[in-house]
Structure formats: C-alpha cells, structure tokens
Amino acid sequence: QVQLVESGGGLVQAGGSLRLSCAAPRYAFRLSTMGWYRQAPGNQRELVATITSSGVTNYADSVKGRFTISRDNVKNTAYLQMNSLKPEDTAVYYCNAYIAGRNYWGQGTQVTVSS
C-alpha cells in the first residue's frame, strides 16, 4: 500500500491562486507517474494533470495555461500550482500515484473558489 498525503486546499476568490502538495514514500515516488484529479458534486472524477517520473506533463484542456504540475524528486512530493482560479474549479482534488499498473489515491483536499 502506498500512502499519499495531500495538503494545500482551501477557499480562495476567483482569480486567486493555491498550491496543492502530495507527499509519497520515496520507494514509490521515484518510479511513479503522479497526477491530480478532481471531483465536483454530481460529477465524475476527472483528470487535471499528470507528470511522469521523467517530467513529461499532461493537462486537461480546461486548466492549460493556468495550472502547473511539478515534482520534487528530493522531497518526494508532487505539486499543483493553480493560478487564475475560477468558480468552476471548485472540487475535491485527489492526488494519484500510478505505479506498475496500479493506482493509489490520496484522501482528497477541498478547493473552493468564490465568485
């Protein structure tokens, strides 16, 4: 079992910024593709962004140019920098680690953007 620990959610006004963090065990982090997903009430969980172990990134169209995913291979932590936040970004954000064909999930952190 891989335990992921998230932090950084909260309440912010539209146009503001937040940074989410996701810490993972070292033995898992270095081999994994890390990702962020989100789920708004009544909606399915959707991809926000991923970053491979070599640093290749992928973003949902809805967040391109506003969100940046990164990873620190020394601190074994993935980040999601969210700028120019919109009310439609409001959701529970989940960290994901994809390792050897298996998915592991964090507990989720609430992000609320007020208009």
For this session: Please tell me if residue 54 is outside any strand (DSSP E or B) and touching a Lys or Arg at 6+ places or on another chain (Cβ under 8 Å).
Result: no
Exercise. Which ones in the range 87-98 are out of contact with any Asp or Glu (no Cβ under 8 Å at 6 or more places or on another chain), closer than 18 Å to residue 10 by Cβ and surrounded by 15 or more Cβ atoms within 10 Å (Cβ to Cβ)?
Worked result: 89, 90, 91, 92
Seminar exercise, completed: If you go through 97, 28, the only one that is in a strand (DSSP E or B) and either of a type outside the set (A, V, I, L, M, F, W, C) or closer than 21 Å to residue 3 by Cβ (or both) is 97
For this session: Considering only residues that are touching a residue at least 12 places away in the same chain (Cβ under 8 Å) and on the phi > 0 side of the Ramachandran plot, look in the range 99-115 and name the one that is surrounded by the most Cβ atoms within 10 Å (Cβ to Cβ).
Result: 108
Exercise. Identify, please: which residue in the range 44-74 is over 14 Å from residue 32 (Cα atoms) and either touching a Gly at 6+ places or on another chain (Cβ under 6 Å) or in contact (Cβ under 8 Å) with a residue 40 or more places away in the chain (or both) and is, among those, least open to solvent (accessible area, probe 1.4 Å)?
Worked result: 48
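Here are some residues: 48, 113. Which one is touching a helix residue (DSSP H, G or I) at 6+ places or on another chain (Cβ under 6 Å) and modelled with pLDDT of 95 or more? Please lay out each step first, then the result.
Numbers: 48 fails: touching a helix residue (DSSP H, G or I) at 6+ places or on another chain (Cβ under 6 Å).
Unique residue meeting the criteria: 113.
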Exercise. Across the range 31-41, what is the total count of residues that are at pLDDT below 95 and either in a strand (DSSP E or B) or under 23 Å from residue 89 (Cα atoms) (or both)?
Worked result: 1
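What residue, among those in the range 1-37 that are among the polar types (S, T, N, Q) and open to solvent by 50 Å² or more (accessible area, probe 1.4 Å), is nearest to residue 66 (Cα to Cα)? Break it down stepwise before answering.
Keep residues of the range 1-37 that are among the polar types (S, T, N, Q), which gives 1, 3, 7, 13, 17, 21, 32-33.
From what's left, open to solvent by 50 Å² or more (accessible area, probe 1.4 Å): 1, 3, 7, 13, 17.
On the way: 1: 32, 3: 28, 7: 19, 13: 15, 17: 9 Å.
Only one residue fits best here, namely 17.
Which of the following residues is part of a strand (DSSP E or B) and more than 18 Å from residue 4 (Cβ to Cβ): 48, 63, 113, 92?
On the way: 48 fails: more than 18 Å from residue 4 (Cβ to Cβ); 63 fails: part of a strand (DSSP E or B); 92 fails: more than 18 Å from residue 4 (Cβ to Cβ).
Of the residues listed, the single one that is part of a strand (DSSP E or B) and more than 18 Å from residue 4 (Cβ to Cβ) is 113.
The values are calculated or read from the model by the stated rules, or taken from the named source; none is laboratory data. No experiment lies behind these values; they were computed from the predicted model shown. Glycine gets a Cβ as well: all are built from the backbone with ideal geometry, and neighbour counts include every protein chain shown. Surface areas here come from the heavy atoms of the whole protein model, side chains and all, with no ligands, DNA or RNA. Shrake-Rupley method; radii C 1.70, N 1.55, O 1.52, S 1.80 Å.
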